[in-house]
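Notes to accompany the following structure.
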Amino acid sequence: MTTARKAFKCLILFLTFCISFSVFSYEGEEEVERVFSKIKDLRSPTLEEYKQIQEFLRYGKREYLAPFYLPIKGENKTGIGRARRVIQLVSDQDEMPVFEINRLVANKQNKNCILLYSSYDPMYAKRIDVLRTELRQKGFQGDILIRKGGYPYMNKEGIKLCHIPYSWKVAFFKEAIELGYKNILWIDLSLYPLKNLQEIFTLLEQKGHLCLSGGVNLDFGYKYGHHLDGAIHSLKISNAHLAQIPHITTTIVGFNADNPKSMKVISEWFEETKRVEPCMTLYPEELALSVVAWRNGLTPLMKHGLIVCVKENYHQRRHYPLWNFLQDLQFKFNQ
């Protein structure tokens, strides 16, 4: 055998070896693929199939969640790991997932929408109904897209993202864009509207996005262990970059589908999310979005606290004309 042929054979063996160990891109992916391979129609799982997925999410071998069980300053590590397993796809009474479009304006040309998603956990499922009523009472003019249980983007097999912490946010944006909406706003269930949100949608129309800063860059959270090294490096940045990147919060976040930069950010955010590793951190969706926005030159419009207040400073509302939401992490249902 000639030297050249030997070298070629060695190269083939090396490539075969590499391929054999790169079929799966993250720890535990093989088990994830096995679970989803059992679902006959990923666009429309049966009740029993949803239960199988839910069982895996709660109790299955999910090796990629290991970073959440590492010691983290000031946090209950067991609680963090458990919190990544509690998503409920169907109700305790075997109710199937719900998808609704609530039209609060008669104009069929309306392109404004709000996204509301909740696990079928009773607390969240109840809160989503209360929030819908609050938006209507405040005079919001647009559509409210509601998903209770299940997962967004089901027409594109969105259920295959459900094992990725907080991937429902970017998946819901993708779904709303495909439904033809222009100004799309995600709001967390911890928010209580104070106005009709016209100011918010005017900003979306004029600026092309509503990304808000937490008032710090990513290096601040890194000091407290909130952004984990594996996730950071999987986004192709070094720890030195963190001081340059604003931390974008996603309690409220919006994008204009006619804005090219916003659409590029959503597309890249979605792709990074699908890779799983960028989401293995304490702020899964926010780290990836912050990095992608920074890469594309999309800077936060303002600080989160100029749009959202908390109960402790609500009495100062006349000094903050842009406050459109009150945030209360302790849901109250006696309204």
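For the range 234-272, which residues satisfy the criterion of being in a helix (DSSP H, G or I) and over 26 Å from Phe201 (Cα atoms)? Within the range 234-272, Ser234, Asn239, Ala240, His241, Leu242, Ala243, Gln244, Glu271, Glu272 qualify. Of everything in the range 269-282 that is of a type in the set (D, E, K, R) and closer than 24 Å to Phe220 by Cα, the residue that is surrounded by the most Cβ atoms within 10 Å (Cβ to Cβ) is Glu272.
Condition check for Leu194 on (1) aliphatic (A, V, I, L, M); (2) within 20 Å of the chain's Cα centre (by Cα); (3) closer than 13 Å to Phe140 by Cα: one failure, at (2). Checked against (1) surrounded by fewer than 21 Cβ atoms within 10 Å (Cβ to Cβ); (2) within 23 Å of Leu329 (Cα to Cα), Lys236 meets all criteria but (2). Which count do you get for residues in the range 290-324 that are of a type in the set (S, T, N, Q), in contact (Cβ under 8 Å) with a residue 40 or more places away in the chain, under 22 Å from Lys261 (Cα atoms) and assigned to a loop (DSSP other than H, G, I, E, B)? Qualifying residue count for the region: 1.
For (1) at pLDDT 70 or above; (2) closer than 21 Å to Pro152 by Cβ, each residue gets a yes or a no:
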{"site": "Gln54", "(1), (2)": "yes, yes"}
{"site": "Ile80", "(1), (2)": "no, no"}
{"site": "Asp92", "(1), (2)": "yes, no"}
{"site": "Glu100", "(1), (2)": "yes, yes"}
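It is to be established whether one or more residues within the range 219-230 are under 15 Å from the mean Cα position of the chain (by Cα), in a helix (DSSP H, G or I), small (Gly, Ala, Ser) and at negative phi. The answer is no; no qualifying residue exists. The set of residues in the range 273-284 that are out of contact with any Pro (no Cβ under 8 Å at 6 or more places or on another chain) and either assigned to a loop (DSSP other than H, G, I, E, B) or closer than 21 Å to Gly215 by Cβ (or both) comprises Arg275, Val276, Leu282, Tyr283. Report whether or not Lys160 is within 21 Å of Leu47 (Cα to Cα), part of a helix (DSSP H, G or I) and modelled with pLDDT of 95 or more. Here the answer is yes, as Lys160 does meet what is asked.
The values are calculated or read from the model by the stated rules, or taken from the named source; none is laboratory data. These numbers come from a predicted model, not from an experiment. Every residue, glycine as well, gets a Cβ built from its backbone with ideal geometry; the counts of neighbours run over all protein chains shown.
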